[in-house]
Structure formats: C-alpha cells, structure tokens
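Each remark here refers to the structure printed beneath this line.
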Amino acid sequence: MLAVPLNDPTDHPDHLVHPDQRGQPPVPPTAAPPAHDLAGLGRVALATTPAEFAAYWRAGGLRGGDLQIYNWYSSLFRQASVYPSGRPDGVRVPVADLGIIAPIHRVHRSESSEGVVTKFTQVVQTFADGSPPLEIESVLIPMIGRNSIRKYTLCVSSQVGCAMGCGFCQTAQMGLIRSLSVAEIVGQWFAARHLIEHPDPEAPIANIVFMGMGEPLDNFDNVVQAIAVLTDRRAANVAMRHITVSTVGRAAEIDRLAERVRQPGWHRLGLAVSLNAPTDAVRSSIMPINKAIPMAALRRPMEQWPFFGGAHLCLEYVLIPGVNDTAEHAEQLAAYVQGADYDGLAEPRYPGVALTGLVNVIPYNPRDNSPWPAPTEEQVVAFMAVLTARRVPNKRRRTKGRDTMAACGQLGNPTHTRRSLKASPVEVTVLGR
C-alpha cells in the first residue's frame with residue numbers, strides 16, 4: 001500500500017500504483033483544500049497554469065480576486081515562499097518547508113571550460129524495507145554565449161528509468177520504473193532555481209531540455225502540462241523557444257506534439273530526434289525502437305514538422321567508436337538528411353524533401369560497463385568534416401560533466417531496476433507530490 005502525504009487531485013492515481021504505468025493527463029480538480037493547507041495548494045500550483053490554479057482556488061470556496069490568487073501563485077515560483085492564509089498579511093512560509101518538492105539527496109559538481117556543471121538527485125520514492133530510494137537526476141549546464149554572458153541550461157528528467165533500451169545509455173539499463181508527475185518535473189526547475197547552491201546564483205536558467213532520464217514522449221501529457229507551467233510568465237517564465245523535447249523517435253507522438261506546436265503560444269517549441277545512426281542496420285543494433293519504427297517511417301513526421309520563425313530540427317547523433325563513426329557513415333547520414341542518392345540508385349533511398357535540421361554530433365560518454373570507449377578528438381573532427389563537405393549543417397555538443405556521470409547519456413542510478421522492483425514489492429512513500 002502507498003502512503004501519500006496528501007490526496008492531490010492533479011496527479012492521476014496510476015502514477016502511484018504500478019511501475020509499468022505511463023503519464024496521464026492531470027485530473028481536473030473538484031475541490032480545493034482549506035486555506036491553511038499550504039502544502040495542498042502548493043502541490044496544485046506546481047502542476048497547473050495560473051488559470052487552472054485560480055479555478056481550483058475558487059472551487060474550494062477560498063476568497064480572493066484574480067490579482068491576489070495570481071500573486072500567491074507567482075510568489076511560489078518567484079520568491080519560493082507563500083502567505084499562510086493566501087493573503088499578504090502574514091509571515092511568509094518557505095516552499096521548501098512544505099514538503100512538496102522532492103528532497104535533494106546528492107549534489108555533484110565538476111569544472112568545465114564554461115563554468116561549473118552541477119548534477120543533483122532528488123528522492124521521489126522511499127521504501128519501507130530500507131532499500132535505496134528512487135531518485136531522479138537533473139543537470140545544470142553552464143553556457144557562455146557570444147556576448148560572454150554565462151547562462152545555464154537545465155536538463156530535466158521525465159521518468160525514473162526508461163523503456164527504450166538504447167545500448168549506449170545509462171538510464172536504459174534501469175528499464176522503466178515509472179513516469180514522473182507534472183509536479184515532479186516542474187519541481188526539478190524549482191530545485192535548480194531555489195534550492196541548489198551554485199557559483200552563479202544570479203545567472204538565469206535560460207534553457208530547459210528534456211534530455212535527462214526517460215523518454216519524454218512516453219510521458220506525453222505530463223511533459224506537455226509541465227511545459228505549459230514552465231513557460232507561463234507568472235511561473236518559471238522560460239520562453240517556449242528555449243525549451244527542447246528530445247525523443248528516440250516515436251513517430252505517432254511526434255505527430256501529437258506537432259499538433260500542439262501549431263497552436264498559438266507553442267510555435268517555437270524545439271524538437272530533438274535521437275537519430276544516432278545512418279542506416280537501419282546500425283540503428284537497430286543500438287536502438288531497439290528502430291525495429292518497430294525504421295528510419296524511413298521516422299523521416300515522415302520530421303519532414304512534416306511545423307516550422308515557425310526560423311526553427312529547425314535537432315538531429316542528435318551520438319558518435320560511438322566502431323559503431324557509427326566512419327567516413328562512410330557520415331556520407332550515409334548526409335544522404336538521409338538531404339533525401340539524396342548515395343548508392344548510385346536511380347531514386348533517392350529516402351525520397352522526399354531535405355530535412356530542415358541541424359546534426360548535433362555528441363561524442364559518446366561511456367555508461368557503466370560500456371563496451372565502447374569515448375571517441376578521440378580526431379574521430380570527431382573527421383566525422384564532422386565529411387558532413388560539412390556534404391553541406392549538412394552540423395554542430396558539436398561540448399562534453400561537460402563526464403567525470404561525474406553528468407554528461408549526455410550518463411544519468412541514472414543502476415541500484416534500482418524494473419526487474420528488482422517487481423521481484424521485491426514493498427510498501428513505499430511517494431515524496432514531493
């Protein structure tokens with residue numbers, strides 16, 4: 001049986017029941033908690049937009065006009081504190097004291113050429129038998145732009161574990177344990193903004209990328225709702241153009257996300273597709289999903305992705321020595337991106353328009369017990385040179401945090417796996433929901 005601190009109507013009960021569940025849309029609230037129940041109001045605020053929160057507030061018979069309600073909501077995100085009565089006449093209570101943010105368990109820091117990389121873990125579930133708690137991992141990544149001003153990109157997780165089974169990824173070795181609630185996703189931003197000590201406390205979190213643990217499109221509804229909260233000007237106020245969702249290539253869910261992007265306010269949401277191979281044979285060997293959705297089928301939703309204001313796709317390519325790193329692989333990748341002939345065929349292998357995409361070359365970051373090393377500098381440069389010669393836009397992702405397992409593909413605690421949890425069902429407590 002699960003022990004939950006408060007019945008939160010914005011979290012679907014499926015999130016608390018079975019490790020195989022996927023994300024579900026928030027359930028519309030029917031009644032608000034009493035005015036003094038700050039934890040209840042805070043949990044709802046983390047998972048709702050201001051308009052949704054105002055409706056929840058009024059449904060519970062709480063007094064207050066729009067300005068008061070929105071100020072309460074905004075103070076939670078901006079000042080990390082709230083008024084006990086919902087009125088500005090009492091002592092502020094820190095949100096950290098309400099028990100609604102998953103507690104921070106560990107913080108790891110490492111130096112990079114652009115500043116300190118901070119990886120932090122939050123405990124989202126504990127076990128009565130003393131087993132290690134379930135954790136999620138997030139990373140604050142420093143970025144220095146052309147104006148020499150340092151900003152941060154926050155890499156967030158959408159699931160505990162992942163069902164995709166990609167051979168090069170640390171998270172995939174866990175299997176899927178469960179998806180995160182809206183509040184748990186938004187709580188990662190809150191922790192990074194208000195709870196983590198880092199060298200640049202005034203530097204903004206300018207970008208959010210859903211590239212942490214899990215497949216975001218397998219938790220579609222909760223990820224989309226979290227983005228709605230994170231981009232609202234009264235909440236985290238992160239511009240839509242500075243948020244990117246990365247996927248292994250679930251074609252049907254990319255189509256769903258494209259429909260959202262066509263709506264006002266969502267036009268500039270970024271999409272990154274984890275391609276990682278130039279052919280079906282190579283991709284299937286490291287990404288099991290390719291057997292169900294081969295590269296030709298994946299190309300269709302990318303061709304049809306709606307572009308607004310000069311946006312483009314990010315085609316992620318993890319460069320793995322001995323797997324996908326040769327000059328021939330680069331030529332084949334160029335042909336895939338451009339929809340061009342490569343093998344001397346009369347017709348292009350992937351007929352269609354050229355993909356409006358930038359190939360983001362990511363030097364492989366070895367996971368635990370990896371069968372492959374990281375590529376050398378010469379291998380990375382040579383691969384990108386072929387793409388450049390073929391006039392394929394490309395950019396290298398700078399490696400940061402590899403020594404603390406904070407780099408791309410290295411997040412995840414192997415202590416817990418889907419198999420071990422199924423073998424030992426125990427009583428658990430869900431935290432910060």
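Each reported figure results from applying straightforward, stated rules to the coordinates on display, with no laboratory input. As the structure is a prediction and not an experimental result, all values here were calculated from the model. Here Cβ is always computed from backbone atoms with ideal geometry, including for glycine, and neighbour counts include all displayed protein chains.
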Residue in region 171-215 that is surrounded by the most Cβ atoms within 10 Å (Cβ to Cβ), counting only those that are part of a helix (DSSP H, G or I) and of a type in the set (Val, Ile, Thr): Ile185
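Restricting to region 229-268, and then to whatever is in a loop (DSSP other than H, G, I, E, B) and of a type in the set (A, V, I, L, M), can you tell me which residue is surrounded by the most Cβ atoms within 10 Å (Cβ to Cβ)?
Taking region 229-268 and keeping what is in a loop (DSSP other than H, G, I, E, B), we get 232-239, 248-250, 262-268.
Add one more test, that the residue is of a type in the set (A, V, I, L, M), and what stays is 235-236, 238-239, 248.
Details: Ala235: 24, Ala236: 20, Val238: 21, Ala239: 12, Val248: 27.
Ranking the candidates gives Val248 first.
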Considering every residue within region 134-151, establish whether at least one is surrounded by fewer than 23 Cβ atoms within 10 Å (Cβ to Cβ), outside any loop (DSSP other than H, G, I, E, B), touching a residue at least 60 places away in the same chain (Cβ under 8 Å) and hydrophobic (A, V, I, L, M, F, W, C). yes
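Can you report the number of residues in region 308-331 which are among the aromatic types (Phe, Trp, Tyr) and more than 21 Å from the chain's Cα centre (by Cα)?
From region 308-331, those among the aromatic types (Phe, Trp, Tyr) are 308, 317; that's our starting set.
Filter again for more than 21 Å from the chain's Cα centre (by Cα), leaving 308.
Selection size over region 308-331: 1.
Free of Cβ contacts under 8 Å to residues at least 60 places away in the same chain, farther than 24 Å from Ser179 by Cβ and of a type in the set (Lys, Arg): which single residue out of Arg233, Arg260, Arg241 fits that description? Even if it seems obvious, please write down each step before you answer.
Numbers: Arg260 fails: farther than 24 Å from Ser179 by Cβ; Arg241 fails: free of Cβ contacts under 8 Å to residues at least 60 places away in the same chain.
After applying the criteria, what remains is Arg233.
Restricting attention to region 51-81, which residues are in a loop (DSSP other than H, G, I, E, B) and within 27 Å of Ala192 (Cα to Cα)? If you could, list the steps in order and put the result at the bottom.
The first filter runs over region 51-81 and keeps only residues in a loop (DSSP other than H, G, I, E, B), leaving 60-65, 79-80.
Correct list: Gln79, Ala80.
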With the checklist (1) in contact with a Gly (Cβ under 6 Å, 6 or more places away or on another chain); (2) assigned to a loop (DSSP other than H, G, I, E, B) in hand, flag the one item Asp221 doesn't pass. (2)
Across region 276-289, what is the total count of residues that are more than 25 Å from Val261 (Cα to Cα) and either without any contact (Cβ under 8 Å) to a residue 24 or more places away in the chain or not hydrophobic (A, V, I, L, M, F, W, C) (or both)? 8
